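As structure tokens, the structure follows; a few thoughts come after it.
The values are calculated or read from the model by the stated rules, or taken from the named source; none is laboratory data. Because the structure is a prediction, the values reported are computed rather than measured. Because the Cβ atoms are built from the backbone with ideal geometry, glycine has one as well, and the counts that use them run over all protein chains shown. Keep in mind that these areas ignore ligands, DNA and RNA; they rest on the heavy atoms of the full protein, side chains included. Shrake-Rupley method; radii C 1.70, N 1.55, O 1.52, S 1.80 Å.
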Amino acid sequence: MPVFALFFPTPLAIAATAVVHFANNLFKFGLMARQADWRVVSRFNVPAAVAAIVGASVLSLFDRMPALGAYTLGGATFEVTAAKAVIGLLIIVFALLELWPRFQGLAFPPRWLPLGGALSGFFGGLSGNQGALRSAFLLKSGLSKDAFVATGVVSAVIVDATRLIVYGAGFMFSHLAQSQELVAPIIVGTICAFIGAFVGNRVLQKVTLPIVQNVVVAGMLLIGAGLTAGLV
């Protein structure tokens, strides 16, 4: 999403990323759906789907709001919009959570699954950030390793499909020309997502997780700050 946001309005960048994620997760869904725990899926994803509609609608609302302000820096004018400010702050928050050891070990009892689905769906619809919350609420659901991964994939597919419908009916038509320009980048991004998953399965075994995590977090903090300040 941060890469798309460098070239397109923030709401469109989120929608484009959702398409790439949806295509990638749909492939995984075909491979792993049988291993998902559908009892957990129903408890988690009914509220997640509803909340995703709300989150995506809020993003559409921010997209229609007038600019919060503008300023000049180095002879260039930068505009701060509600969508950029909110999404930028959320990216910063989720990046910092990735660095917080206590959050990494956070897990909620199964009775909180509906609430977890609602929170995950809302932030997924609003900004695309849902994985960390989803994992925190699914970890203690009594799932095996394979069922945990498969249930997470099913959850991601449902939320992505739901929010894409809202995005399409909301701001993608209002940015029709730019939406058409996104077709080629989305195709390239989807293909590279498949390649990245294939290569990553081998390379990541030789790279320590903290290195990957720190690089990703640093990028998220930079983009989040840039969006919030209107520089991106």
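Normalise the Cα radius of gyration of the range 68-115 by 2.2 N^0.38 Å (N = residues in it) and let me know the number.
Here the answer is 1.85, to two decimals.
Ignoring solvent entirely, what values of log10 I(q)/I(0) come out of the Debye formula for the range 4-111 at 0.11, 0.20 Å⁻¹ when each Cα is a single scatterer?
Debye intensities relative to I(0), on a log10 scale: -0.56, -1.32.
Could you please report the charge total around Val50, scoring K, R as +1 and D, E as -1 over all other residues with beta-carbon less than 14 angstrom from its beta-carbon?
+2
Rg and Dmax of the chain, Cα atoms, in Å?
Spelled out, the Cα radius of gyration and Dmax of the chain are 17.8, 58 Å.
Return the aspartates and glutamates within reach of Lys84: Cα separation strictly under 12 angstrom, same-chain partners fewer than 8 residues apart disregarded; answer none if there are no such residues.
Partners found: Asp63.
For Phe78 and Val188 in one chain, what is 0.36 nm times their gap in residues minus the Cα-Cα distance, to one decimal in nm?
36.7 nm
If you project the alpha carbons of the range 45-96 onto their three principal axes, what span does each projection cover, largest first, in Å?
Taking max minus min along each principal axis of the Cα atoms, the range 45-96 gives 50, 28, 11 Å.
At 222 nm, what helix-only mean residue ellipticity would the chain give, in deg cm²/dmol to the nearest 500, using -39500 (n - 2.57) for each DSSP H run of four or more?
-24000 deg cm²/dmol
How much FRET efficiency would the formula 1/(1 + (r/R0)^6) give for Ala107 and Gln213, where r is the Cβ-Cβ distance and R0 is 22 Å, rounded to 0.05?
0.70
Rank-order 156-167, 70-81, 2-13 by packing density, defined as the average count of other C-beta atoms within 10 Å over each peptide's residues, highest first.
The densest-packed peptide leads the list: 156-167, 2-13, 70-81.
Keeping the other protein chains in place, figure out the carbon and sulfur percent of the accessible area of the range 1-160, with a 1.4 Å probe.
69 percent
Based on DSSP H assignment, which helices of the chain show an axial Cα extent of at least 15 Å together with a mean Kyte-Doolittle hydropathy greater than or equal to 1.0?
Membrane-span-like by this rule: 10-32, 82-99, 113-127, 145-167, 183-203, 209-228.
Over the range 62-137, with the other protein chains present, what is the accessible area per residue in square angstrom, probe 1.4 angstrom?
With the other protein chains kept in place, the range 62-137 gives 51 Å² per residue.
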